[in-house]
Amino acid sequence: MKKLAVLIVLVCTILSCNEGTKQNQRMVPKSSGNLYNVSVVVDNELWNGNVGDAIRDVLTTVVPGLPQPEPMFDINQIPPQVFSGFAAKNRIVLKIEKSDKSEIKIATDAYAQPQKVIVVSGPNDTKLIEVLKNNKDKILDTFKNQEIEARQALTNNSLHTNNNIEKKLGISIKFPSIYRIAKEDGDFFWVRKNLTTGTNNFMVYQVPLDAIDKEGDITQQIITIRDSVGKKYIPGPIDGSYMKTEEAYTPFLFTTIIDNKPTYEVRSTWDIEGTYNAGPFVNYMVEDKINNRYVVLEGFTFAPSVNKRDYILELESIIKSLKIN
């Protein structure tokens, strides 16, 4: 009888714990919204003043390397009193709040999933603007990384599988099945998809680790490599023409991390001499010390007369799925 009583107490305790766990679990709806669109939760008075100007200055930062200025994000302002229900489901949200303390907070899946919410607080307009400006890079990187993950999730719904990239280069890279292998030559791959007004493309290849002298001009060395590859593999419509770096624009050089490896990132525009063919590119050289090489991945877009931000960011999301075996 005593054992039975102990057993009953134990079962009741387990059931009580399970019930408590269920109660603590929060049902979070699925996030929604267009890619690269930020919901800015701020009252109308702040939005129409200097704080609003500072918000727009941060979020509409121009994407580097595009032939025409395009903002990093589109913006949708929402007054706090109507920020609920469907309005709170956007993947990326910036909230502006008056508070005694000047700070920035980043919340994950606060109102929906997946979602990043950044809360900027300050006691007055001057302090709010100060927090926004001092944390510009953090805000942009947080939102951009969230959107890259969202784009990658879309890619995972329909992955391209019939390719030799992993076999030839010892890497994996996830890209949509709508892309096709346009050219394969040894360890060089050119992959593209048709657009209504052109094509979206990326290349994958490798160069020896000593191809880059870190004491020299990194940007020029990378441009020289990509132009030689363009001359060999990406011909133009005119005899002797090929894709090369546009000389009229100064390339942007950044350092970043891909697959936990140091990476050079160069952004600029390409053209084909004697034609009107041109567009933006983003080139990544991923340092693979174990295999004594750089894995080079470059995305480039040909889309005349339309905005190109979303196309180049799609290519960036593909490239950043890289895993070196």
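Here are a few things to note about the model shown:
- Restricting the stretch 283-325 to residues that are aromatic (F, W, Y) and open to solvent by less than 30 Å² (accessible area, probe 1.4 Å), the residue that is nearest to the chain's Cα centre (by Cα): Y284
- Tally of residues being surrounded by 14 or more Cβ atoms within 10 Å (Cβ to Cβ) and assigned to a strand (DSSP E or B) across the stretch 173-188: 5
- Within the stretch 90-104, the set of residues being more than 21 Å from the chain's Cα centre (by Cα) and not polar (S, T, N, Q) comprises K95, I96, E97, K98, D100, K101, E103, I104.
- Members of the stretch 211-242 that are open to solvent by less than 30 Å² (accessible area, probe 1.4 Å) and more than 21 Å from V286 (Cβ to Cβ): G236, S241
- Pairs linking a residue in the stretch 172-189 that is touching a residue at least 60 places away in the same chain (Cβ under 8 Å) to a residue that is of a type in the set (D, E) and open to solvent by 40 Å² or more (accessible area, probe 1.4 Å), with Cβ atoms under 8 Å and 6 or more positions apart or on different chains, are S172/E166.
- Residue that is farthest from Q146 (Cα to Cα) [pool: residues in the stretch 69-103 that are touching a residue at least 60 places away in the same chain (Cβ under 8 Å) and not aromatic (F, W, Y)]: E70
- Pairs linking a residue in the stretch 201-226 that is farther than 24 Å from K174 by Cα to a residue that is of a type in the set (D, E, K, R) and open to solvent by 40 Å² or more (accessible area, probe 1.4 Å), with Cβ atoms under 9 Å and 6 or more positions apart or on different chains, are L209/K289; Q221/D213.
- When the residues of the stretch 224-245 are filtered to those that are in contact with an Asp or Glu (Cβ under 9 Å, 6 or more places away or on another chain) and of a type in the set (K, R), the one that is nearest to D213 (Cα to Cα) is R226.
- For A110, the conditions (1) in a loop (DSSP other than H, G, I, E, B); (2) out of contact with any strand residue (DSSP E or B) (no Cβ under 7 Å at 6 or more places or on another chain); (3) closer than 22 Å to F83 by Cβ are fulfilled apart from (2).
- Residue among V207, V191 that alone is open to solvent by less than 10 Å² (accessible area, probe 1.4 Å) and in contact with a strand residue (DSSP E or B) (Cβ under 7 Å, 6 or more places away or on another chain): V191
- Of V119, V58, all but one fail to be part of a strand (DSSP E or B), under 26 Å from the mean Cα position of the chain (by Cα) and surrounded by 15 or more Cβ atoms within 10 Å (Cβ to Cβ); the exception is V119.
- Residues in the stretch 122-143 that are closer than 13 Å to A54 by Cα and among the hydrophobic types (A, V, I, L, M, F, W, C) were compared, and the one that is surrounded by the fewest Cβ atoms within 10 Å (Cβ to Cβ) is V131.
- Taken over the stretch 133-164, the residue count meeting the criterion of being in a helix (DSSP H, G or I) and closer than 23 Å to L313 by Cβ is 21.
- Scanning the stretch 82-95 for residues that are within 19 Å of D141 (Cβ to Cβ), open to solvent by less than 30 Å² (accessible area, probe 1.4 Å) and either among the hydrophobic types (A, V, I, L, M, F, W, C) or not in a loop (DSSP other than H, G, I, E, B) (or both) returns N90, I92, V93, L94.
The values are calculated or read from the model by the stated rules, or taken from the named source; none is laboratory data. What you see is a predicted model; the values in this text were computed from it and never measured. Here the Cβ is made from the backbone with ideal geometry for all residues, glycine too, and neighbour counts use every protein chain on show. Each accessible area value is taken on the protein alone, full model and side chains, heavy atoms only, with ligands, DNA and RNA left out. Shrake-Rupley method; radii C 1.70, N 1.55, O 1.52, S 1.80 Å.
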